[in-house]
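Before any comments, here is the structure.
Please treat every number below as a calculation from the coordinates, not as lab data. From a predicted model like this one, the values you see are computed outputs, not experimental measurements.
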Amino acid sequence: MQGPLPPLPVATSVSSLIKVVNWDGESQDIYWVVTTAFDAEDYLDCIRNLRERGIDPVPYINNLDKVSSHSI
């Protein structure tokens, strides 16, 4: 009998935010990516320092706008 499973690693927003910036406008997994980013413990820190993390704010914001109007 195995013991309890180890906790899952905490998601970090940086990789998810980069995926939003690079979203092709088609991939349906963008909703999962955005949800993962928003739920990450470091989201607020990442969003405050986008440029320091190598994330261009303009495409990030533009793609978030596209996600909100994208239908499944």
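Here is how the numbers come out for the structure above:
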{"read-out": "Whole-Hz ³J(HN,Hα) from phi, Karplus 6.51 cos²θ - 1.76 cosθ + 1.60, for segment 37-43, glycine and proline x", "value": "4, 5, 7, 5, 5, 9, 4"}
{"read-out": "Whole-Å semi-axes of the ellipsoid equivalent to segment 16-72 (Cα gyration tensor, √5λ, descending)", "value": "19, 13, 8"}
